[in-house]
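The values are calculated or read from the model by the stated rules, or taken from the named source; none is laboratory data. Since the structure is predicted, the reported quantities are computational estimates derived from the model, not experimental observations. Ideal geometry is used to build each Cβ from the backbone, glycine not excepted, and the neighbour counts take in all protein chains shown. For accessibility, only protein heavy atoms count, side chains too; no ligands or nucleic acids. Shrake-Rupley method; radii C 1.70, N 1.55, O 1.52, S 1.80 Å.
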Amino acid sequence: MLVRIDPSSTVPLFEQVAASLRRAMADGSPAPGEQLPPARELAASLDINVHTVLRAYALLRDEGLIDLRRRRGAVVIGGASSRARLAELAAELVREAKRAGVGLDELTGVLKEKYS
């Protein structure tokens, strides 16, 4: 699994790591039940602080995509690929709404209308 970051980007590193992992999960790699790389290993390979990776993992845990356990590490949860894909689409929608000058209330209204 390839995780990419752009140090020159204005997006915080932990968000870049989480987004890269989210994209990988949306594509089905890693599969449910598989472990993500240990935080220290991933941090070393990206030449970033281990706490940055841990913050990315915590974000993915809060989104319901991975399970964090001591001595077991970060494990992809079943159904994570569909949730990860949805999270990526939502992030893309929010970016596009911001570019278009659409506020949160208006965007929420559009979503509610389309969901019905």
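Data overview
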item	result
Residue list for the range 101-116, restricted to those being open to solvent by less than 100 Å² (accessible area, probe 1.4 Å) and assigned to a helix (DSSP H, G or I)	LEU107, THR108, GLY109, VAL110, LEU111
Per-region count, the range 63-73, residues outside any loop (DSSP other than H, G, I, E, B) and open to solvent by less than 70 Å² (accessible area, probe 1.4 Å)	4
Number of positions in the range 73-116 that are closer than 20 Å to ALA58 by Cβ, without any contact (Cβ under 8 Å) to a residue 12 or more places away in the chain and of a type in the set (Gly, Ala, Ser)	1
The range 32-62, residues that are touching a residue at least 40 places away in the same chain (Cβ under 8 Å) and in a loop (DSSP other than H, G, I, E, B)	PRO32, GLY33, GLU34, LEU36, ILE48
VAL11 being exposed (fewer than 13 other Cβ atoms within 10 Å of the Cβ), among the hydrophobic types (A, V, I, L, M, F, W, C) and out of contact with any strand residue (DSSP E or B) (no Cβ under 6 Å at 6 or more places or on another chain)	yes
Selection status of LEU21, of a type outside the set (D, E, K, R), part of a helix (DSSP H, G or I) and surrounded by 19 or more Cβ atoms within 10 Å (Cβ to Cβ)	yes
